[in-house]
Amino acid sequence: MGVQAAVGALIEEVEQQLHEQVWDLTPGDRDLAFATATGLHEAVGPVGAQEVLSDLERLAHLREVLAALAITLARTHGRLAWFLAACIEALSPVLHWRALPSGGGRNFDTTHPTPGQFAEAEGAVRQLAAVLLRVAA
C-alpha cells in the first residue's frame, strides 16, 4: 500500500468515527488539530507548489511534516494521538529517502524517491491537513 492509500484509509476511519460520534475531542485537541493542519499546509502548500522545488527542498518539507506530527503527538492522548501515530507510520517511507547522491558508498539503505513518490507523499499530507481542519471544526 502506498503512502497516499495508507493515509486515505486512516482518514476514512476518522470520518467514520466522527460520523458515529465516538470521537469526542476536547477544545485543546481541536486547537492542536488546527495548528497541525496549518503547519502541514505551510510545509507542502497547494498542489503544484512543491514541483518547482529541488528534491532536497521537497524532502526537507516532508521531514518538517513528520516533525510537526511528532510534536503534536507528544502533546495529546487518546484518539487524536492514535490517529497521528498511525499517520506518522504511514508517512515513514519518507524517512528512508535521500535527496543527495550516495557518492558510491554506503547510504544506510536510503533510496532516491521518484517525482511520483514525492507527489504521492505531498498529496497525502494535503489530505491529512484537510481532515485535521474538519476535526478541528
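For segment 1-64, just say rounded, prolate or oblate: build the C-alpha gyration tensor, square-root its eigenvalues into a ≥ b ≥ c, call rounded for a/c under 1.5, and beyond that prolate if a/b exceeds b/c, oblate if not.
oblate
Using a 1.4 angstrom probe and counting only protein chains, how large is the accessible area of Arg134 in Å², to 10?
For Arg134, solvent-accessible area is about 120 Å².
Zone of His112 (label point 7 Å along Cα→Cβ, backbone N under 20 Å): which residues in segment 40-66?
Correct set: 50-63.
What list of ³J(HN,Hα) values in whole Hz, one per residue of segment 113-119 in order, does the Karplus curve 6.51 cos²θ - 1.76 cosθ + 1.60 (θ = phi - 60°) give from phi, with Gly and Pro shown as x?
Along segment 113-119, the couplings run x, 7, x, x, 5, 4, 4 Hz.
Would you work out if segment 84-128 is rounded, prolate or oblate? Take a ≥ b ≥ c from the square roots of the eigenvalues of the alpha-carbon gyration tensor; rounded if a/c is under 1.5, else prolate when a/b is larger than b/c, oblate otherwise.
Oblate, since a/c reaches 1.5 and b/c is not below a/b.
Would you mind checking which residues have amide H under 5 Å from Trp97's amide H? H placed 1.01 Å from N; only 5 or more apart, or other chain.
Placed amide hydrogens put Thr111 under 5 Å from Trp97.
So what are the ³J(HN,Hα) numbers for segment 92-98, from phi and the Karplus equation (6.51, -1.76, 1.60; θ = phi - 60°), rounded to whole Hz, Gly and Pro as x?
In residue order, the calculated couplings are 4, x, 4, 5, 9, 9, 9 Hz.
Given R₀ = 25 Å, what would the calculated FRET efficiency be for Met1 paired with Ala99, taking r from the Cβ atoms and rounding to 0.05?
Efficiency for this residue pair is about 0.55.
Treating only the Cα positions of the chain as identical point scatterers, give the base-10 log of I(q)/I(0) from the Debye formula at each q in 0.13 Å⁻¹.
These q points yield log10 I(q)/I(0) values of -0.54.
Tally Lys and Arg at +1 and Asp and Glu at -1 over the other residues with C-beta under 12 Å from the C-beta of Ala33: what net charge comes out?
Result for the local shell: +2.
Could you run the Karplus curve 6.51 cos²θ - 1.76 cosθ + 1.60 with θ = phi - 60° over segment 20-26 and give me ³J(HN,Hα) per residue in whole Hz, x for Gly and Pro?
So the J values, rounded to whole Hz, are 7, 6, 9, 10, 10, 8, 7.
Using the charge dipole of the chain (Lys, Arg: +1 at Cβ; Asp, Glu: -1 at Cβ; taken about the Cα centre), state which of Leu56, Pro115, Gly78 has its Cα farthest towards the positive end.
So the residue furthest toward the plus end is Leu56.
The values are calculated or read from the model by the stated rules, or taken from the named source; none is laboratory data. Note that the coordinates shown come from a computational prediction; the quantities given were computed from them, not determined experimentally. A quick note on method: Cβ atoms are made from the backbone with ideal geometry, for glycine too, and the neighbour counts reach across all protein chains shown. These area figures cover heavy atoms from the full protein model, side chains too; ligands, DNA and RNA do not enter into them. Shrake-Rupley method; radii C 1.70, N 1.55, O 1.52, S 1.80 Å.
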